[in-house]
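Heads up, the thing below is written out as structure tokens.
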Amino acid sequence: MTKAARKILIVEDEPKIASLLKDYLETRGAFETRVEARGDTAMEAFKKFGPDLVLLDLMLPGMDGMEVCKKLRSVSTVPIIMVTARVEEIDRLLGLELGADDYICKPFSPREVVARVKAVLRRSGPGVSAQRPKALHMDEEKFKATLNGNDLLLTPVEFALLRTLSAQEGRVFSRDQLMNEMYPDYRVVSDRAVDTHIKNLRKKISDTSGSEDMIKSVYGLGYRYEG
């Protein structure tokens, strides 16, 4: 294994799945891997191995994947891909309430896993931020937002949401606070509406600049903007 190989920590308690992931990631992706079978030992493995990305199963002995994800996020911004067979948890994972970067459903294709790992690493790899400036400009008179000179083509609600977040970079806004800015008439809407608009904003930002990490999720609190 070369020193330049990216490191992947696989936290998976099913030996066959763990072995399959390890084999594919090493042979098809040229990654260096380590397998950890328990949630309550995952943090120690993370500290010793120093991975570039964590593949984290949802159901683990000792500590479930959600708790492991929260603990990892409290000390690191390393990309995390959750692996789950529990479809009912997908909304929570997609809303990034746990700070996960992506999710994969069981049963999965090992080739898909390798492709998703590479895609997440490309978005978060070293030097990525320096290669793409993130110049955001918001013209409130024209209701127009541009990123690096390119129009974002936002809806009025998306414009209000991005304006609120970007006006106080680094500040964490709760969903309630964001809803008040998005809907000044105080109409009754679901908390999930914020998550949906955030998801749409991230996609438009990603399509425009190749980055979707300008709006960060803060577990249990809400969202913040980091331009």
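Here are a few things to note about the model shown:
- Hey, MET59 of a type in the set (A, V, I, L, M), surrounded by 16 or more Cβ atoms within 10 Å (Cβ to Cβ), in a helix (DSSP H, G or I) and under 23 Å from the mean Cα position of the chain (by Cα) or not: no
- Members of the stretch 93-114 found to be within 16 Å of the chain's Cα centre (by Cα), in a helix (DSSP H, G or I) and either modelled with pLDDT of 85 or more or surrounded by 17 or more Cβ atoms within 10 Å (Cβ to Cβ) (or both), listed by number: LEU93, VAL113
- Selection from the stretch 46-60 of residues that are under 19 Å from LEU121 (Cβ atoms) and of a type in the set (A, V, I, L, M): LEU53, VAL54, LEU55, LEU56
- Any chance GLY65 is more than 19 Å from TYR219 (Cβ to Cβ) and in contact with a strand residue (DSSP E or B) (Cβ under 8 Å, 6 or more places away or on another chain): no
- Residue within the stretch 132-149 that is at pLDDT 80 or above, touching a helix residue (DSSP H, G or I) at 6+ places or on another chain (Cβ under 8 Å), exposed (fewer than 14 other Cβ atoms within 10 Å of the Cβ) and part of a loop (DSSP other than H, G, I, E, B) present: yes
The values are calculated or read from the model by the stated rules, or taken from the named source; none is laboratory data. From a predicted model like this one, the values you see are computed outputs, not experimental measurements. Note that we place each Cβ from the backbone using ideal geometry, even for glycine, and neighbour counts take in every protein chain shown.
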